[in-house]
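Before any comments, here is the structure.
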Amino acid sequence: MNAKLTLNLGLRWEYATPIWERDNLWSNFDPTTDTLIRASNGGIYDRALVHPDYRDFGPRVGFAYSATPKTVIRGGYGISYSFFNRPGSAQEGINAPLALFGLQTQSISAGGSLPATFLTTQNSFTTGLDVPSNFKPTVSNIDYIPADTRWPYIQSWLFSVQQEITHDTFLEVAYNGNHSLRLPILGDFNQANPNALSATCNATVTSGCLGVQMRRPITTFGAITWLDPAGNNNYNGFSARLEHRFGGGLYFLNSFTWSKALGDSEQALEYFPGYYEANPQNIRNLAAERGPSSFDVEFINVTSVVYQLPFGKGRKFGSNMTPFLDAIAGGWELNTINTANTGLPIDVSYSPSSANDVTGLTNDYRGEAILRPNVTGSAASGLTKGQMVNNYFAGYTFTTPPAYSPFGSVGRNSFRAPGLEDWDLAADKYFHIFERTQIQFRSEFFNFINHTNFGLPTAISTNAAFGTIRTTYPARQIQFALKLLF
């Protein structure tokens, strides 16, 4: 626009078809008829069973303004799209009768001999496992992608001010954020209703509780993996960066971020030991899933320094050192990175009994409900490290909800793991061999002061090890290396 202001304006249109299969070996669940429909030759919808989306427009607005010779203000906004966000096989129409899933349970005697009925690989299909007419929808996990599903999109924005302090040194403060919509959430479309409260099915008696299948809305089907395009996440962050660009043998960078990532959905294939972050406890109540994202780190500070000691050949002092003295005192360089951040969120859950279960699925990201317990109390203070690693949730009381109300009161990702403090250090020495050839000796110390950083506590309340921490991040590690530079 002028000598001080630069604008960047644009509009992008993108189009990506929904997924289909070459030979139309594809199917989808139809909730209007409670049947599986088959793909066929024809248009995109006929083959993909999902309508194409032609409305993916992505505007871009950006500016840079030199307020003074030493001050620059920048900002921008844009919309982008996420195509083929594949949450495992849940975005593909891998359904019967085109794809059959079966389970055979077999055992071998203690002596190791095979019974006559044991199915080897060669004769395993004699059971009729691969016959479409034997397909049983009540024991299969069906995929369901709504026909009007559109691609997820992300709104991103940034505003920053950069100020030069001295030559080669500047400070930048910024606010940036994003808002993600139409993200895929995996749940059981045929999620069972909770058991009805009765004299034989209550908080203390479960003998009269109904099984999962009898409580399903569609009793002719079992679990139906629903790729629900309803995810809504956002991120807001303040950052500050102080940087001294390399000069006089010194480079310095300190980056600080204070941020919050909130939402109701996760990437389905992100797995934390003991639970699946992506699975809601109740697909029909996504408002209860609103909470910190699994990657949310509230505070993080990283300091990096590179310092070439000013002694030796080619340095400020001692450039005329004898080769012997230079080999001892010259050519040294120090590198260090210090990282400190708050801990990641913890999603406390429980392993349901058949009376509490609403999906009939276990260890299956494709629709399994991750149920959370009820909680009372508040965090205990003044715990020693020994007390913390043996009872991380001290002060809280967790109880398993009754069968008639299996969805607990604990919010998603409502607790925090221990933070991280790590200092890495490297001391390097350069030996001049010829005019343009050097040997670099590197000594590197990871977790230099051997600080103990604790891992995640066991987060399943029905587990005997609940609340205990039995893992740590790596202790101090040291390595040496030689590098030839020419």
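Of all residues in region 8-48, exactly one satisfies the criterion of being of a type in the set (Lys, Arg), assigned to a strand (DSSP E or B) and over 29 Å from the mean Cα position of the chain (by Cα), namely Arg38.
In the set (1) of a type in the set (A, V, I, L, M, F, W, C); (2) in a strand (DSSP E or B); (3) assigned by TED's automatic domain parsing to the domain that holds Ser160, Ile283 fails one condition alone, (2).
Only a single criterion out of (1) among the hydroxyl-bearing types (Ser, Thr, Tyr); (2) at pLDDT 95 or above; (3) within 23 Å of the chain's Cα centre (by Cα) is not satisfied by Ser443, namely (3). For region 298-345, residues that are in contact with a Phe, Trp or Tyr (Cβ under 7 Å, 6 or more places away or on another chain), among the aliphatic types (A, V, I, L, M) and outside any loop (DSSP other than H, G, I, E, B) total 5. Residues that are among the hydrophobic types (A, V, I, L, M, F, W, C), surrounded by fewer than 16 Cβ atoms within 10 Å (Cβ to Cβ) and closer than 30 Å to Asn178 by Cβ within region 230-250 comprise Phe238, Ala240, listed in sequence order. Do we have Ala268 as buried (at least 18 other Cβ atoms within 10 Å of the Cβ), small (Gly, Ala, Ser) and either more than 30 Å from Phe29 (Cβ to Cβ) or at pLDDT below 95 (or both) here? So Ala268 fits the description; yes.
A Cβ distance below 8 Å, combined with a sequence gap of six or more or placement on separate chains, defines the contacts here; from region 161-179, residues that are among the polar types (S, T, N, Q) reach residues that are part of a loop (DSSP other than H, G, I, E, B) in the pairs Gln163/Lys70. Ser304 meets the conditions (1) touching a Pro at 6+ places or on another chain (Cβ under 8 Å); (2) assigned by TED's automatic domain parsing to the domain that holds Ala427; (3) surrounded by 15 or more Cβ atoms within 10 Å (Cβ to Cβ) in every case but one. The failed one is (1).
Can you name the residue in region 142-152 that is more than 24 Å from the chain's Cα centre (by Cα) and of a type outside the set (Asp, Glu) and, of all such residues, is nearest to Ala48 (Cα to Cα)? Here the answer is Ala147. With respect to Ala340, determine if the residue is more than 25 Å from Leu197 (Cα to Cα), hydrophobic (A, V, I, L, M, F, W, C), touching a residue at least 60 places away in the same chain (Cβ under 8 Å) and surrounded by fewer than 20 Cβ atoms within 10 Å (Cβ to Cβ). Spelling it out, Ala340 is indeed more than 25 Å from Leu197 (Cα to Cα), hydrophobic (A, V, I, L, M, F, W, C), touching a residue at least 60 places away in the same chain (Cβ under 8 Å) and surrounded by fewer than 20 Cβ atoms within 10 Å (Cβ to Cβ). Do you know which residues across region 180-201 are in contact (Cβ under 8 Å) with a residue 60 or more places away in the chain, buried (at least 17 other Cβ atoms within 10 Å of the Cβ) and not acidic (Asp, Glu)? Scanning region 180-201 gives Ser180, Leu183, Pro184, Ile185, Leu186, Gly187, Phe189, Gln191, Ala192, Pro194, Asn195, Cys201.
The values are calculated or read from the model by the stated rules, or taken from the named source; none is laboratory data. Nothing here was measured: the structure is a model prediction, and the numbers come from that model. Heads up, the Cβs are rebuilt from the backbone with ideal geometry, glycines too, and the neighbour counts pull from every protein chain shown.
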